[in-house]
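What follows is a single structure, written as structure tokens, with notes after it.
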Amino acid sequence: MRKRFPSLFDPKYRIVFLLSLMVLVIVVGTVCLFILQQVEHPSKRMKYPTLDDKNISFVDSNKTIEKVQQLQKRAVEIVKKEKEIPIIQEMRKLEEKPIVPLAYEEQNAPKESNKLPRLVIIIDDVSYDYDVAAIQSVGLPLVMSFLPPIKRHPESALLAQGVSGHMVHLPLEAMGSNGEEDETLKVGDSVEKIAQTIQKIKKLYPSVRYINNHTGSKFTSDKASMERLLEVLESEGIIFVDSRTIGSTKAPEILLKQGKRYLHRDVFLDHHDGIANIKAQISKAVNTAKRNGTAVAIGHPRQDTIAALKQSRELLKQVQLVGIDKI
Ligand SMILES: [Zn+2]
């Protein structure tokens, strides 16, 4: 007799068949739910940005977080190392302040002084140790401009070595030649002669970046002479600050034509002696700085000028006194 396969219609196997079907549905349903859980919503599937995530599966979030933490640690180490790079250390020395993010600087900078107009006060004709002492006694950041050494004041280059941000006061020919400094550059001097003088100054004052003219009404009015001087100064990396000893100076014409900046004196503080006169000129310089944002004033190491500056400390709080390189 042929053996019969169990039939659905066979009441003997019906219950077994239905039970098997239920188990199958439960197993398939569980598998589907598991797969759906793994896939989830697309936004949850985004990978963390990593440099090397070859071994990371996006479903293994613990491993991903661990990797991100490692990368963060590495980034901190890189930043630490960069701070030690010599060039950054050099920059730090130059800036005389620690390297910090810009946002930090903006937050912590003394806001009031940042907004203040900037005024440069240059004290010309500095030649002797008592000049330096008198200027330093004012207790303000004044810029000293030293005359190149000659027999009458042989130590003026040596004195400058102890003064930061100093300038050199270059003697140029005046209309009347009374009491002229030795080695004054004259109208008609050749490029070679001018270059020799400037190179000598660079040797005597190795850190000099700015010079201004002592006298020079004749020289600065002569276009060809000024063209030669400005050409030499540029090739030697020195910037000319025009003392404007005469209105007909050719420096602005030459420099502006070449698209270069023209730095010049705005106010003479002590053209006339007398403390009251000089204080009025200091006030004029402050107002010029307020009006234009920056200004350059020139004075001399004379008794009245030193006294007037000392008496103007309160007034000068309305501006930020800076070096010539800061305007
Ligand atoms: Zn001078």
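How would you rank 209-219, 253-263, 189-199, highest first, on the average number of other Cβ atoms within 10 Å across their residues?
Per-residue Cβ counts within 10 Å, averaged per peptide and sorted highest first, yield 209-219, 189-199, 253-263.
In a shell of Cβ-Cβ distance under 11 Å around Lys186, excluding Lys186 itself, what net charge do Lys and Arg (+1) and Asp and Glu (-1) give?
-3
From the cross-link list Lys193/Lys223; Lys151/Lys202; Lys151/Lys326; Lys186/Lys250; Lys260/Lys284; Lys115/Lys317, which pairs have alpha carbons spaced over 22 Å apart?
Correct reply: Lys151/Lys326; Lys260/Lys284.
Taking other Cβ within 10 Å of each residue's Cβ, how do Ile15, Ile327, Ile121 sort, fewest first?
Least to most surrounded, the residues fall as Ile15, Ile327, Ile121.
Which peptide among 286-294, 298-306 comes first, and what is the full order, when sorted by highest mean count of other Cβ atoms within 10 Å?
Going from most to least packed, we get 298-306, 286-294.
Placing +1 on the Cβ of each Lys and Arg and -1 on the Cβ of each Asp and Glu in the stretch 118-326, which of Ala251, Leu230, Leu315 has its Cα farthest towards the positive end of the resulting dipole?
In the stretch 118-326, that residue is Leu315.
Considering Cα pairs under 8 angstrom that are at least six residues apart, work out the relative contact order of the stretch 187-327 and quote it in whole percent. Spell out each step's value before the answer.
On the way: 159 pairs, mean separation 26.0, N = 141.
Relative contact order comes out at 18 percent.
Report, for the stretch 118-326, the % of DSSP beta bridges that are antiparallel, rounded to 5.
5
Please compute the net charge surrounding Val138, taking Lys and Arg as +1 and Asp and Glu as -1 over other residues with Cβ under 10 Å from its Cβ.
So the surrounding residues net to +2.
Considering the convex hull of the alpha carbon atoms of the stretch 118-326, report its projected area averaged over all viewing directions, in nm², one decimal.
Details: hull surface 43.5 nm².
Mean shadow area of the hull around the Cα atoms is 10.9 nm².
May I ask you to compute the full-extension gain from Leu19 to Asp129, defined as 0.36 nm times their residue separation minus their alpha-carbon distance, rounded to one decimal in nm?
This chain segment gains 28.4 nm when fully extended.
With the dipole of the stretch 118-326 worked out from charges on the C-beta (+1 for Lys and Arg, -1 for Asp and Glu) around the Cα centre, which of Met175, Ile239, Ile201 lies farthest toward the positive end?
Value: Ile239.
Bear in mind that the values in this text are calculations on the coordinates, not laboratory data. Note that the structure is predicted; figures quoted are calculated from it, not measured. Quick reminder, even Gly has a Cβ in these numbers, built from the backbone with ideal geometry, and neighbours come from all protein chains shown.
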